[in-house]
Each structure stands twice: as structure tokens, then as C-alpha cells.
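Down below is the structure, laid out as C-alpha cells.
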Amino acid sequence: MNKNYYAILMAGGVGSRFWPVSTQDFPKQFHDMLGTGDTLIQKTFHRLADLIPKENIFILTNEQYNDLVLEQLPEVEQRQVVLEPAMRNTAPCILYASLKIQKENPDAVMIVAPSDHWIEDEKTFASNVQQAFEYCSENDALMTLGIQPTFPNTGYGYIEFDKSSAKAIKSVNQFREKPDYETAKDFISKGNFLWNAGIFMWSAKSVVKAFKSNQPELFELFEKGISVYNTEFEDDFIRDNYPKAENISVDYAIMEKSTNVHVIAAEFDWNDLGTWGSLYDKLDKDEANNAVVNARTLAEDASGNMIRTKKDKIVVIDGLQDYIVVDKEEVLLIFPKSKEQDIKKTLQQVKDKFGEQYG
């Protein structure tokens, strides 16, 4: 296994659209959302460990999830858990982790990947990442894996690539914001647009150089700590300086401003598992098209429902179509799938009325 290969696993989000299972104290990446026996972060870690030495996989997460990470990934040492003392979006934490990795290994090439996505064909995923790693080892390039769109989704950003190239690795013309439905249809009809999955590959040299060029203030803030990174004094420096960082995504910070961005159209099936509906799409269904996790069900005139409970709980449903039914300790959610984007808003109403402990 190549000792220059590294990964940054992004595991700091809350996943509030998966409430009531995903909460501030115990977010979705630490749950077995698919009922497979592995949590999402465990599945992602093991997928990356097929290609990358385990000791080179760093977990980027919020301070409060440190113990959860170490409990769920016993192979990981504390040095691999990179803690954010404040929420500052993806650019500051990626720059911080990249500087740590570069100091440890100046020849590192790395993948930045969310910890909570679903990828079925793991061999093809590894093959696409390997292809990107080889390119990034030899070229000054910022790379991303784009997903072939299957319908005009308005919930994802899009990557527009140069369609004149016949090569597998194509240069990116521009990143496009989440479109409305008509614009998304137009993107797909053009044939040179991919969904932005937030999976990036680059060498440590290239990404640090991109931050230095495009985000000089952010770079300067974190560069001051290079002498203490990977030492016992790192925590103090980060606690004092991290909250000063601008709240900015890596897309805005460097990807949209750089001219050396390339994309590979991923050949594996992918789902960002962002909502109960996206989870429903990926699960096996019963004869009435209900997706069931953990529960034992008796369903009459009930179809298209997403049902999740604790292990072996009996659920009787009659006359319910296309609903999300999630039972978790003190909270029962019964919600139309068509309104799943409103769950975030509903969660806030629950916290306002009943208390923060329910979120």
C-alpha cells in the first residue's frame, strides 16, 4: 500500500434532516442508517482503508465527537482525529488538516471525502480514486469526482466540464450553484454537467499552494502554527486561532477560483444520504414498497413508507402512503415524504416548544 496516500474524512456535520435519529449529540454518521451492522463512518473508513494505509486516514470532526470517533473506529489513534473547536465550514478545517499532513509527509496525495455517503461499488470507487491520485502525484491539479446525473436534481451543485476532451480526466469550466428545476433540466440536456459530490483529491503541495494564492489571510492564519503541528503544543494554537478563521466552504475558497481544476465522472453508484427520502431510495423494499429498518411490520393498505425503529419493534400501519415513520426513544416522527425538506424547520419548532435536549 502506498505510504504517500492519505485521506481526510469529513465527520463534523449534524445531519438535521435525519432527525430524530440524527441529533446534535449523536449525528447520522455515527448511526447504522442502512441497518447493515456498520455505522456510516465505519463503512466509509473501511472503504478508504482498501486503498490508503489506516494510519494515514485522518478524521475531521467537532471537538464534541472525539470520543464517538475513537469508540467507533478502534483502529484510529488520537493523532488521526483532527478536532475543530468552532464551526467554520469546510475550507479552514481542510487547510488545517492539509498542513498537518504536508508536515508529516511532503509527498502526500490525499482524498477529502464526506463520512456519511453511500457508495455501492467500492472496487470502482477505489479505481477512480487511484486514477486521480496518480494524476495528482504528477501534476499540479485540484481534482474532484463528479456524479453522472440521473434526473434534474435541484438539491446539488453542478460541475460543468470541457466536453471537447475525450480523456477520462477533464478540465472543469465552472462550478454551478444549486439550480431551479428548468435550469437543472437544461444542464442535463447539455451532457457536460455532473453533480458535485464534495469528494476532492490533490497533493498536499497543490492544495496548500491553492490556499496560499486564493485565500492569503486564511493561509497566513494557519501557517503560523506549522512549527507546532503534530506536537503537544498544537491544541493550544488551534484553540486560540481556529475561531478567527473565516466561515467559508472549500468550493468558494479555492475550487471556484483556481484554473487547474479537473474532474473524473465517477463510475460507481452514489447517494449523499441527505434525507430520509434518499435513504428510502437505497433500501430494499417489501412487497408494498415500504423500506423498513429494524422494525417488524404489519402493514395494511400502506405503501411507499420509510419506517425505522429500534431493533425488532412491532409496527402496525394501516392506510398510510408515502410517509416517514421514525420512532426513537422520546420522539415519534410521522411526516409526509413530500415535505421532508421541512424536517429541519420542524426540529427547530420542537426545540423551541419542548427544549434543546430533543435536537
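The values are calculated or read from the model by the stated rules, or taken from the named source; none is laboratory data. Because the structure is predicted, anything quoted here is derived from the model rather than measured. Backbone-built Cβ (ideal geometry, glycine too); neighbour counts: all protein chains shown. The protein model used for the area step is the full one, side chains on, heavy atoms only, and it has no ligands, DNA or RNA in it. Shrake-Rupley method; radii C 1.70, N 1.55, O 1.52, S 1.80 Å.
Things worth noting here:
- Taking amide H as placed 1.01 Å from N in the peptide plane, I324 has its amide H under 5 Å from the amide H of M306, F335, K337, each at least 5 places away in sequence or on another chain.
- Virtual spin-label span in nm between M1 and E287, 7 Å along Cα→Cβ: 4.6 nm
- Values of log10 I(q)/I(0), in the order q = 0.11, 0.15 Å⁻¹, for the chain under a Debye, Cα-only, solvent-free model: -0.80, -1.39
- In Hz, Karplus ³J(HN,Hα) per residue of the stretch 282-293 (6.51, -1.76, 1.60; θ = phi - 60°; x = Gly, Pro): 8, 8, 5, 10, 7, 5, 9, 6, 8, 9, 10, 10
- Measuring nothing but protein heavy atoms, the accessible surface of the stretch 276-358 at 1.4 Å probe radius is 45 percent carbon and sulfur.
- Heavy atoms of the protein chains alone define the surface here; on that basis the stretch 276-358 has 61 Å² accessible area per residue at 1.4 Å probe size.
- Taken as Cα centroids, the stretch 152-172 and the stretch 62-120 sit 27 Å apart, rounded to the nearest whole angstrom.
- Each residue, K190 and I314, gets one label point 7 Å from its Cα in the Cβ direction; the gap between the two is 5.7 nm.
- Entry comment: accessible area of the stretch 1-148 is 35 Å² per residue, from protein heavy atoms only and a probe of 1.4 Å.
- With 10 Å bins from 0: P(r) over the stretch 276-358, alpha-carbon pairs, percent: 17, 49, 28, 5
- Difference of contour (0.36 nm per residue) and Cα-Cα distance, N271 to D301: 7.9 nm
- Bridges between two residues of the chain, per DSSP, are antiparallel at a rate of about 45%.
- Segment K163-E246, length gained on full extension (0.36 nm per residue, minus Cα span): 26.4 nm
- Aspartates and glutamates with Cα under 16 Å of K311, excluding same-chain neighbours fewer than 8 positions away: D32, D38, D327, E329, E330
- Applying the criteria of a DSSP loop state and at most 16 other Cβ atoms within 10 Å to the GluC sites (Glu not before Pro) of the stretch 170-218 yields E177.
- Solvent-accessible area of the stretch 5-271 (1.4 angstrom probe, protein heavy atoms only): carbon and sulfur portion equals 46 percent.
- Q348 paired with S227, simple spin-label distance in nm, labels 7 Å along Cα-to-beta-carbon: 4.5 nm
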